[in-house]
Amino acid sequence: MTDDALLKQLEESTKDFSRHQAETLRSILQHQRGVRYLQRHLPDAGDHNLPIDAATFRRSVPLSCYDDYVDYINQLADGDKCTSDDDHDPRHLLSVDPLVCFFYSSGTSSMKPKLIPYFDSTLSKGASHIAHQGSAAVLRKFFPPRPEVNKRLVFIYADSITTTKGGFKVMAASSFPLHSSSNPNRSLFMSLSSPMEVILGSNVEHQMYCHLLCGLRNSDSIDAIHVPYAIGLIKAMRVLESKWKQLCDDIEKGFLCSVINDVRMRDSVVEVLGGPQPDLSNRIRLIFEKKDWGGILNKLWPNVRYIRSVTTGSMKQYHSKLKYYAGEVPLVGGDYFASECCVAINLDIKQPPDLTRFVMLPTAAYFEFLPFDLAENNVVGEETVDVCGVEVGKMYEVVVTTYRGFYRYRLGDIVRVVGFYNSSPLLEFVMRAPKTSYEIVTEGDLMAAMENFQLVLRNTMGMAIEIVEFTSSVDFGSSPKRLKIFIEVKDCDMILQDKLQESNLRKCCSDLEDSLGSIYKVQRNKGEISPLSLSVLKCGSFDRLLKLAIENGTPASQYKPPKIIRNPSIVDVLEENVIVTI
């Protein structure tokens with residue numbers, strides 16, 4: 001299908017959202033009506049002559065979350081067999097389609113990723129094809145291919161594959177095409193500046209270094225830079241800042257430093273280097289020696305046309321830093337695709353995070369909207385609305401029924417409906433939903449407060465302090481409970497001077513507390529919360545969290561630093577790295 005045909009199909013699908021949604025739900029239920037999960041709630045679902053309309057479905061099948069599926073998922077992962085002749089086919093616990101493998105979720109706040117079953121569904125493939133291929137068509141519309149400059153510097157990591165007790169592979173969703181030997185589009189990876197051996201490596205730090213090295217070797221051929229999430233490019237830039245001398249040495253000699261010990265990765269990168277490149281090394285070295293990091297991406301890769309990554313939601317905090325590195329090169333946004341299903345597409349990819357709007361895809365899944373009250377930091381009841389019931393300006397938690405085994409499943413994403421594209425809702429991603437009503441700050445509250453705190457900190461302290469990363473946790477052991485905020489700054493030595501000028505830091509901390517949002521302020525004024533605790537961490541503390549998450553199965557490409565930590569063991573890791581607490 002041509003790009004024009006794809007874009008036309010996308011456009012047409014948004015013109016009758018309600019009809020497409022009804023057809024999508026009917027298609028899912030007709031196909032999956034025999035699965036055990038549905039028959040628990042719809043005992044007559046197996047009768048193919050009995051239609052199930054949307055109202056009956058929503059009345060009979062309860063809202064669900066991951067915990068409602070975990071027993072079934074564990075049975076599938078373990079390959080358990082039925083214990084009774086009366087039991088249904090164990091393969092049909094959640095879907096009638098064959099189970100292929102499992103995908104890891106990001107595991108952001110818990111450090112233990114969820115297992116998302118991936119079923120071989122023809123219907124789902126058709127639904128996701130229009131989303132993924134449509135997204136690619138949108139990108140090519142803005143940036144038509146150039147035969148003479150055709151390489152992409154892509155920071156992706158296939159991650160190691162684990163195997164469940166039942167023999168099913170577990171991997172990141174983004175890794176599936178890379179590990180699939182039957183993938184018909186494998187030739188597409190020929191456009192990447194890094195060889196497959198780098199992508200398939202097992203050490204993220206070494207892989208990131210090799211991505212940069214291969215990208216620099218192909219500096220004049222790089223058309224675009226891709227990274228799934230903005231944090232991934234920020235980390236790559238930190239490696240570039242600290243390792244540029246070694247990178248230049250490797251290019252000059254045509255050989256890798258001894259630190260990279262993966263033989264297959266070394267050999268493949270040496271082949272890309274193509275022998276000593278002293279002229280290229282000197283050219284790049286001169287750029288670095290100026291120590292001007294503003295617009296560095298354009299200086300190193302003069303033909304790059306765009307940089308693509310997700311910068312909405314919790315990634316919004318990195319947007320200004322990316323713009324600093326990018327200079328005049330446009331930052332291009334991503335789409336709203338979840339591990340469970342595609343949700344919405346970004347048709348205007350050049351918009352910054354504040355103006356990014358996602359057009360919902362009516363054939364990707366069946367969508368419901370659970371009203372959310374920001375003032376209460378919670379959903380309003382258990383009654384959802386469909387597209388006919390959403391109101392512009394209101395916030396909702398997204399609920400999906402997918403082709404791959406999730407029914408009225410709460411994605412945990414809070415969005416704001418900002419308008420309509422034809423008849424399709426136009427969404428603004430707000431934040432991840434709170435896990436409980438007891439949480440006293442939202443991700444949005446914390447990010448807005450920290451943005452203001454960075455400005456106050458610089459003005460008060462009289463020095464350019466850069467906050468590298470931050471997170472929060474509620475200490476329920478304190479009486480009354482206390483919000484703890486942990487920050488890591490770029491230059492730890494600066495922090496240690498005079499204990500960060502403690503009196504000034506205390507004033508900044510007070511300003512931070514004053515900007516933490518209405519939920520926090522109300523409880524603080526009532527005396528239900530102890531004064532805020534602010535801890536400064538050793539440099540590299542959040543890198544340790546990344547390593548811990550990867551050790552526990554979180555895909556490196558999908559990792560997002562948690563903004564609200566709910567796992568006490570993660571808090572303990574941070575507490576061990578505290579320099580000073582105010």
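The values are calculated or read from the model by the stated rules, or taken from the named source; none is laboratory data. All values derive from a computational prediction rather than experimental measurement. Every residue, glycine as well, gets a Cβ built from its backbone with ideal geometry; the counts of neighbours run over all protein chains shown. Ligands, DNA and RNA are stripped out before the accessible areas are found, and what is left, the full protein with its side chains, is counted by its heavy atoms. Shrake-Rupley method; radii C 1.70, N 1.55, O 1.52, S 1.80 Å.
Restricting the GluC sites (Glu not before Pro) of region 271-375 to loop positions (DSSP other than H, G, I, E, B) with no more than 16 neighbouring Cβ atoms within 10 Å leaves GLU328.
Taking N as the number of residues in region 328-417, what value does Rg over Cα atoms divided by 2.2 N^0.38 Å take? Provide the component values of the computation, followed by the final result.
On the way: Rg = 14.0 Å, N = 90, 2.2 N^0.38 = 12.2 Å.
Working it through for region 328-417, the quotient is 1.15.
Under a model in which nothing but the beta-carbon of Lys, Arg (+1) and Asp, Glu (-1) is charged, region 143-303 shows a dipole of about 300 debye around its Cα centre.
Loop sites only, by DSSP: take the chymotrypsin sites (Phe, Trp or Tyr not before Pro) in the chain that have at most 12 other C-beta atoms within 10 Å and name the longest stretch containing none of them. Present the calculation step by step, with values, prior to reporting the outcome.
Values: sites that count: TYR438, PHE476.
Result for the longest clean stretch: 1-437.
Dipole check for the chain: with +1 at the C-beta of Lys and Arg, -1 at the C-beta of Asp and Glu, and the Cα centre as origin, the magnitude is about 1020 Debye. The stretch between ASP514 and ASP16, if pulled fully straight at 0.36 nm per residue, gains 174.7 nm over its current Cα-Cα span. Computed from point charges on the beta carbon alone (+1 for Lys and Arg, -1 for Asp and Glu), the dipole magnitude for region 441-579 about its Cα centre is near 340 Debye.
Per residue, the chain exposes an accessible area of 44 Å² to a 1.4 Å probe, with every protein chain left in place. When Cα Rg over 2.2 N^0.38 Å is calculated for this entry, the matching label among [x] 1.16; [y] 1.09; [z] 1.01 is [z]. In this structure, the amide hydrogen of LEU537, modeled 1.01 Å from its nitrogen in the peptide plane, lies closer than 5 angstrom to those of ILE487, GLU488, VAL489, ILE579, counting only residues at least 5 positions away or on a different chain. Taking amide H positions as modeled 1.01 Å from N, with prolines and chain starts lacking one, the residues under 5 Å from TYR229 and 5 or more places away or on another chain are VAL310. Around the amide H of ASP413, modelled in the peptide plane, lie the amide H atoms of VAL398, ALA433, all under 5 Å away and 5 or more residues distant in sequence or on another chain. Both the radius of gyration and Dmax for region 143-303 are 16.2, 56 Å, in that order, over alpha-carbon atoms. At 1.4 Å probe size, with the rest of the protein present, what percent of the exposed accessible area of the chain is carbon and sulfur atoms? Answer for the chain: carbon and sulfur cover 49 percent of the accessible area. Applying the criteria of a DSSP loop state and at most 15 other Cβ atoms within 10 Å to the GluC sites (Glu not before Pro) of region 538-582 yields GLU576. From helices alone, the chain scores -11500 deg cm²/dmol at 222 nm; the rule is -39500 (n - 2.57) for each run of n ≥ 4 DSSP H residues, then divide by the residue total.
How about region 253-359: which trypsin sites (Lys or Arg not before Pro) there lie in a loop by DSSP and see at most 12 other Cβ atoms within 10 Å?
Answer in residue order: LYS290, LYS291.
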